[in-house]
Amino acid sequence: MIIRIDYLIYVYMTLCLCMLGYNLFYLGKNKWMQKRTEKQIQDQTRRLKTFLLFPERSSAKADDEIKKKLTHTHQLVVLEGTLEALNQNPLTTKQLQEWLPTLKPAFIKLIDVYMKKSVMERSYFAYLVMRFGLCGEGANDPLSTAMIQLTALSSIYCRENALMALYAHGSVDHIVKAYRLMARHEIEHSRKLVSDGLLEFHGDRQQLAHALWENWMEFTPHYQVAFIDFIRMISGNFREVLMPLLTQPETDREVKFAVMRYFRKYPYAPAGVILRQTVSDWEKQDWEYAAIAAASLESYPGKDTLKVLQIGVQSDNWYVRDNASDSLLQLAEPQVILEIIHQLKDSYGRQMLRYKAVSSGILRVRDNAEELEVAVGNKPDRLGMKAQDEIADSFIFSDSSAEELPPLQKWGAE
């Protein structure tokens, strides 16, 4: 069978015309819908504004008509636009805030409707519940219960909107239930979103932190790390509570890292002992422990810490050397840093510490020479002058001194 080429061209042209027609129809429909929506928002804004400012002159039907149409998602869009326009008007802002709680009964009736719709529509419903502040703190509050159920969905948008609604007006128990539900369903919500979201909680964040700790074993390490990050942002009262996580062998490594970061912000003497030991003795395959511990030691001034950090500076792992150098620069006086550089036999550690000291302006290179000297006017007082003098005396050695720098750290089995 022979197909004429001109017939194929006609078919191709017909398909192109159909696609062009569909695109024009789609664009026209969208533009018409946009104009229609804008007109509906303007009309509804005018009616609701009159109802809010002059309730005695308005019919009660104006309020009822707005609420009874909300089963259609399009009407939710119109409602959001209406309230946005009224909220920007200084004349109606106060009245609008007083009217918003009256939406709650209508939204409670919408729960069954929107729970059966698509994930995106449920997500939008949760967003409006958050936007209008309709969740309640009661144990059996219907909207809060619905938001908890939505956190079990696979959509990150739906989960985040539901959680934000609970943060805005829910209770501590609601939030704990939501995270317990996600943990049971093995849903790992973004740790960044979790820690940042918990900071948005409208109530007592200390109480929330304690409630999360009371249910600690029900959460996976993924959530435990996010909760520790949240606790680190709000309180230093969890030192004794978190300390066992740093010493227990069964603690997940990511959780230990989070605890180390907590003790970097909130120094705790028993934790300092563990951190120093970690930098001194940890094996090469666990270099992350030593690196984070070295960074955390910047909050633990003292002779023992400086000695341990010199071991870290001589590590054969770049990250450990880098963090140990930063902590040394934070804790030691410039003269001490200069003497440590002179005494270090490990070339990598010496170059790292030298570079950082010069870059930060603590030390400088002498004119026309490779030798270093303390930068003029650089007299940090981080530990107090007496403590600095004691540390300097213990770390400035002469050639005949019997005391030497800590030896190069040996990683792994020899």
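The values are calculated or read from the model by the stated rules, or taken from the named source; none is laboratory data. Computed from a predicted model, the values in this text were never measured in an experiment. Backbone-built Cβ (ideal geometry, glycine too); neighbour counts: all protein chains shown. Keep in mind that these areas ignore ligands, DNA and RNA; they rest on the heavy atoms of the full protein, side chains included. Shrake-Rupley method; radii C 1.70, N 1.55, O 1.52, S 1.80 Å.
Worth a mention:
- Odd one out for ASP316 among (1) at pLDDT below 90; (2) closer than 19 Å to VAL273 by Cα: (2)
- Single residue of LEU134, LEU100 found to be in contact with a Phe, Trp or Tyr (Cβ under 9 Å, 6 or more places away or on another chain) and crowded, with 21+ Cβ neighbours inside 10 Å: LEU134
- Unique residue being within 23 Å of PRO244 (Cβ to Cβ) and touching a residue at least 60 places away in the same chain (Cβ under 8 Å) when the list is SER299, SER280, SER315: SER280
- Out of THR14, THR71, one residue alone is open to solvent by less than 90 Å² (accessible area, probe 1.4 Å) and part of a helix (DSSP H, G or I). It is THR14.
- SER394 being modelled with pLDDT under 70, part of a loop (DSSP other than H, G, I, E, B) and not aromatic (Phe, Trp, Tyr): no
- Test: residue in the stretch 45-64 that is under 30 Å from THR145 (Cβ atoms), in a helix (DSSP H, G or I), over 37 Å from the mean Cα position of the chain (by Cα) and without any contact (Cβ under 8 Å) to a residue 24 or more places away in the chain: yes
- For the stretch 145-173, a tally of residues being part of a helix (DSSP H, G or I) and either closer than 13 Å to MET130 by Cβ or open to solvent by 40 Å² or more (accessible area, probe 1.4 Å) (or both) returns 20.
- Yes/no for ARG36 being open to solvent by 100 Å² or more (accessible area, probe 1.4 Å) and either touching a Phe, Trp or Tyr at 6+ places or on another chain (Cβ under 9 Å) or farther than 21 Å from LYS104 by Cα (or both): no
- Of all residues in the stretch 109-131, those being open to solvent by 60 Å² or more (accessible area, probe 1.4 Å) and aliphatic (A, V, I, L, M) number 1.
- Residues (among the small types (Gly, Ala, Ser) and either surrounded by 16 or more Cβ atoms within 10 Å (Cβ to Cβ) or part of a loop (DSSP other than H, G, I, E, B) (or both)) located in the stretch 215-274: ALA226, SER235, GLY236, ALA258, ALA271, GLY272
- Within the stretch 333-365, considering residues that are in contact (Cβ under 8 Å) with a residue 60 or more places away in the chain and either in contact with a helix residue (DSSP H, G or I) (Cβ under 7 Å, 6 or more places away or on another chain) or assigned to a helix (DSSP H, G or I) (or both), the one surrounded by the most Cβ atoms within 10 Å (Cβ to Cβ): ILE340
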